[in-house]
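Student: Pasting in a structure now, in C-alpha cells, and then I'll have a few things to ask.
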Amino acid sequence: MNYISLAGACACAALALTVTTHSHAVPPGTPTSFDSHYHQAFLRPFPASQLPGAYGLSFRDEYHFALPYAEDAIQYAAYRVYQHLGEAAVPMQICDCSTVSGTTPLGRHPRGAHDGGQNFDVTYFMKRPVDDFIVCPSHADNHCTGAPLDLDVERQAYFFAVLGELDDEVGEGLIQKMAVDGRVLEVISPELERLEASGSFSRSAIRRANQLVYGEMTDLGTGWYRFHHNHTHLRFYWRAQDQGAVTARIQYKISRLISIASRETPLP
C-alpha cells in the first residue's frame, strides 16, 4: 500500500471539516465538551489488527491515539467484516485520530476537528489499489462527480451496519456521525436495506446505521461535502461516566470473535 499517499489523502480530506461540525444534535444528557486535558489520561494507541488483513494502519503512529471504546468499536466492526466476507482487495486503513496529548494533528485539520481521541479518518474498503484511495474515478474539487466504482460496497455497508448495531445495543450516544461522500452514501443506502431484507441485521440496527451515515450530494455549507471521496470520518461521543463499562463490553465481543476465528468456526 502507498502509505505516503494515504497520509496525504487523509490529511487533505480532513481540511473540509469546520468547527461547525460540533453543532450536530446530541442525545439528552450526553456530555460533549472536551475537558481541559483533551481526555489525555484515557487515550491509547490504535492497536494493530489481531486478524491479519482485517485492517491496516498508516505509518504516522503519532496520530493514532484515541479513546479505547471508540477504537474498539472500529476494530470490532472491521473484524466482523473480515469474519463474514474475508479480506478485502484493499482493506480499510486507519489514518488520523488524535495525538498522544489528545490534540488535533497540527497543520493537517481545522482546529479542534480531531481533539479528544473521538474522531477517526479511515479509508474505505476498496476493490483495487488506487492513488490516494479515491473510490470514484470521476471526481473534481475533492468530491465524487461520478459513481464510486472502486468502493467495495458490500464490505463497506457491512462495516456501517455493525457499527449501527453496536450503537443500537450500547444505547444512542456512542457514535455521532459516519460521514462519507454523497456518491458513497448513494450506493451504501440500498446495500444497508438489502442487509436488513436478508436478515443479516435487525431493522433497528439498519435504521440506526442509516441515521449515522451522512453524505451530501450538494454543498450544504456544513463542512462535510468535500474531501470524503477517499475516507470516512467517524465521530464518537465522549462518554465520561460509563466509558470503562462500554470498553469492557466491546472488548468482550472482540475476544469472543477472535476466539471463534482462531478455531475457524463461524459465528452463530
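Student: What ranking of Asp141, Asp96 emerges when the number of other C-beta atoms within 10 Å of each C-beta is taken as an exposure proxy, fewest first?
Tutor: Taking fewest neighbouring Cβ atoms as first place, the list is Asp141, Asp96.
Student: Read phi for every residue in segment 139-145 and hand back ³J(HN,Hα) as whole Hz from Karplus 6.51 cos²θ - 1.76 cosθ + 1.60, θ = phi - 60°, with x for Gly and Pro.
Tutor: Each residue's phi maps through the Karplus curve to give 8, 7, 6, 6, 8, 6, 10 Hz.
Student: List the trypsin sites (Lys or Arg not before Pro) in segment 111-155 that DSSP assigns to loop (not H, G, I, E or B) and whose Cβ has at most 15 other Cβ atoms within 10 Å. Which are they?
Tutor: Arg111
Student: Then there is this: Rounded to the nearest 0.05, what FRET efficiency do Arg44 and Asp141 give with R0 = 30 Å and r taken as the Cβ-Cβ distance? Could you check?
Tutor: 0.25
Student: Quick check: pseudo-label points 7 Å beyond the Cα along Cα→Cβ at Glu172 and Glu186, how many nm apart are they?
Tutor: Result: 2.9 nm between the two label points.
Student: Separate question: For segment 168-268, which trypsin sites (Lys or Arg not before Pro) pass both filters: DSSP loop (anything but H, G, I, E, B) and at most 16 other C-beta atoms within 10 Å?
Tutor: Taking segment 168-268 and a limit of 16 other Cβ atoms within 10 Å, the loop trypsin sites (Lys or Arg not before Pro) found are Arg263.
Student: Still on this structure: Rank these for me by crowding, Leu163, Leu192, Leu220, going from fewest to most other beta carbons within 10 Å.
Tutor: Taking fewest neighbouring Cβ atoms as first place, the list is Leu220, Leu192, Leu163.
Student: Would you order Val81, Val153 from fewest to most other beta-carbon atoms within 10 Å of each residue's own beta-carbon?
Tutor: Numbers: Val81 27, Val153 19.
Ranked by crowding around the Cβ, least crowded first: Val153, Val81.
Student: Moving on. Under 5 Å between amide hydrogens, which residues at least 5 positions from Tyr214 or on another chain qualify, with H placed 1.01 Å from N in the peptide plane?
Tutor: Met178, Ala179, Val180
A short reminder: the numbers here are calculations on the coordinates, not readings from a lab. Please read these numbers as outputs of a predicted model, since none were measured by experiment. Quick reminder, even Gly has a Cβ in these numbers, built from the backbone with ideal geometry, and neighbours come from all protein chains shown.
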